[in-house]
1. Does Glu94 count as acidic (Asp, Glu), buried (at least 16 other Cβ atoms within 10 Å of the Cβ), in contact (Cβ under 8 Å) with a residue 40 or more places away in the chain and assigned to a loop (DSSP other than H, G, I, E, B)?
2. Assuming Thr6 fulfils every condition listed in (1) out of contact with any Gly (no Cβ under 9 Å at 6 or more places or on another chain); (2) in a helix (DSSP H, G or I) apart from one, which condition is it?
3. Of all residues in region 1-38, which are surrounded by fewer than 16 Cβ atoms within 10 Å (Cβ to Cβ) and free of Cβ contacts under 8 Å to residues at least 24 places away in the same chain?
4. Among the candidates Leu108, Leu98, Leu126, Leu80, which residue alone is touching a Phe, Trp or Tyr at 6+ places or on another chain (Cβ under 9 Å) and either of a type outside the set (Val, Ile, Thr) or within 22 Å of Lys165 (Cα to Cα) (or both)?
5. Which of the residues that make up region 48-65 are touching a helix residue (DSSP H, G or I) at 6+ places or on another chain (Cβ under 8 Å) and buried (at least 23 other Cβ atoms within 10 Å of the Cβ)?
Amino acid sequence: MEILGTPNFWKGRKGHKPIAIVLHITQGTWQSCANWFNSSFSRVSAHYLVCKNGHIINFVPEENSAWHAGKVKDPTWKLLKKNTNPNLYTIGIEHEGLSGEPAPLLQLISSARLIASCAARWGIPLDQDHVIGHNRINSSKACPGSGILIGYLIRRAALEAEMMKL
């Protein structure tokens, strides 16, 4: 895993701990995403980026709040906390690509391993309420799109979690 910095995060989580993992799509290349996250002008970030080739980049330590899901619009996520920015209690994982294209298998496998690892560290259940698409917080977003197979990622992450116990 590679570590790159970003100026776009809050130190700490204001007493909250992560209860969910929010999946995103970059709508571009990993490099354009890294450049955007590195710009203080963008005011966005995520904890991780999973590249198409399976490489993982860490931008924000999990104990801090990345700026990935703060705008709430017509949410469908039932665990959303009223009057609390979701960045304070979620982990954000970006995926390199475009919302309509299928994700490569290597990217999905790396993402599932990362999801399993994050979930294990924070005691996050691996289910549809705790591993969600960004569009469940902001319904105006087509994020992460159809190529990021959330159901598959949850099932694969559960398998990865079982393998980590061995």
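The values are calculated or read from the model by the stated rules, or taken from the named source; none is laboratory data. Predicted model only: the values in this text are computed from it and were never measured. Neighbour counts are summed over all protein chains in view; Cβ atoms, including those assigned to glycine, are modelled from backbone coordinates with ideal geometry.
1. Criteria not met by Glu94.
2. Among (1) out of contact with any Gly (no Cβ under 9 Å at 6 or more places or on another chain); (2) in a helix (DSSP H, G or I), Thr6 violates only (2).
3. Gly15, Gln31, Ser32, Asn35
4. Exactly one residue qualifies, and that residue is Leu108.
5. Those that are touching a helix residue (DSSP H, G or I) at 6+ places or on another chain (Cβ under 8 Å) and buried (at least 23 other Cβ atoms within 10 Å of the Cβ): Tyr48, Leu49, Val50, Cys51, Phe59, Ser65.
Let's see how each residue does on (1) under 14 Å from the mean Cα position of the chain (by Cα); (2) at pLDDT 95 or above:
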{"site": "Pro102", "(1), (2)": "no, yes"}
{"site": "Ala112", "(1), (2)": "yes, yes"}
{"site": "Pro125", "(1), (2)": "no, yes"}
{"site": "Ala142", "(1), (2)": "no, no"}
{"site": "Ala157", "(1), (2)": "yes, yes"}
